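Before any comments, here is the structure.
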Amino acid sequence: MSFHIQPIDVADKSSFYKELAIQLRGLLEGERDAVANAANCSALINQSLADLNWAGFYIMRNGELVLGPFQGKTACVRIAVGRGVCGAAVERKISILVEDVHAFPGHIACDAASRSELVVPLIRAGEIIGVIDLDSPSPGRFDEDDRLGIETLARIFVEASDPF
Ligand code: SME
């Protein structure tokens, strides 16, 4: 089966994310393998959002985050809970939006080009099973619309997939 990602032509971000959510549901339909779905979800985000240099998943394994499917440059493999933006999102159980990564204590620079970052937890039955991490080379690239939009994609991913 092939799936054609449609260019999204909308004036406002909330409409953009509504359309992207529809595309993600279509992309994951009929497949429950979490690795395959995370890989396609990363690709969809990377193809659809402007100005990203990294988009992907870290997966909770034995109490730490381990690199999952992603698009972008090679990245650090293991992140302890509480470390970096990803580990902080797990520890605090919330999405974290960083306008300037240089101002975030403990930020882990996988790609020196990254200037802003959005990390959204993946939650299944109240437990954090991983995160979606987006990096941009532009400071202040992400806002509340992006946070809400990516949180919706994270929910769709979890509902559509079996556990990792
Ligand atoms: N910057 C992240 C590490 C992962 S890379 O950006 C892909 C962090 O501080 O947790």
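The values are calculated or read from the model by the stated rules, or taken from the named source; none is laboratory data. Treat the numbers as computed from the prediction; the structure is a model and nothing was measured. Backbone-built Cβ (ideal geometry, glycine too); neighbour counts: all protein chains shown. Heavy atoms of the whole protein, side chains included, go into the accessibility calculation; ligands, DNA and RNA do not. Shrake-Rupley method; radii C 1.70, N 1.55, O 1.52, S 1.80 Å.
Brief remarks on what is shown
- Accessible solvent surface per residue of the chain, calculated while the other protein chains remain in place, 1.4 angstrom probe, Å²: 49
- With Cα atoms defining each centre, region 1-64 and region 83-109 are spaced 22 Å apart in the structure.
- For region 97-113, putting each phi into the Karplus relation 6.51 cos²θ - 1.76 cosθ + 1.60 with θ = phi - 60° gives couplings of 10, 10, 6, 9, 4, 5, 9, 9, x, x, 3, 9, 8, 7, 10, 4, 6 Hz, in residue order, rounded to whole numbers and with x for Gly and Pro.
- Cross-link reach list, aspartates and glutamates versus K18, counting only Cα pairs under 14 Å and skipping chain neighbours closer than eight places: D9, D145, D146, E151
- Listed residues G30, G68, G149, most fluctuating in the chain (Gaussian network, C-alpha, under 10 Å): G30
- The chain - convex hull of the alpha-carbon atoms, volume per residue in Å³: 103
- Among I150, I94, I45: highest mean-square fluctuation, GNM of the chain, C-alpha pairs under 10 Å: I94
- Between the residues L65, T152, S136, the greatest Cα displacement towards the positive end of the dipole of region 13-160, with unit charges on the Cβ of Lys, Arg, Asp and Glu, is found for L65.
- Among the trypsin sites (Lys or Arg not before Pro) within region 1-87, those in coil by DSSP and having at most 11 neighbouring Cβ atoms inside 10 Å are R32.
- Region 13-160, accessible surface, carbon-and-sulfur percent (1.4 angstrom probe): 50
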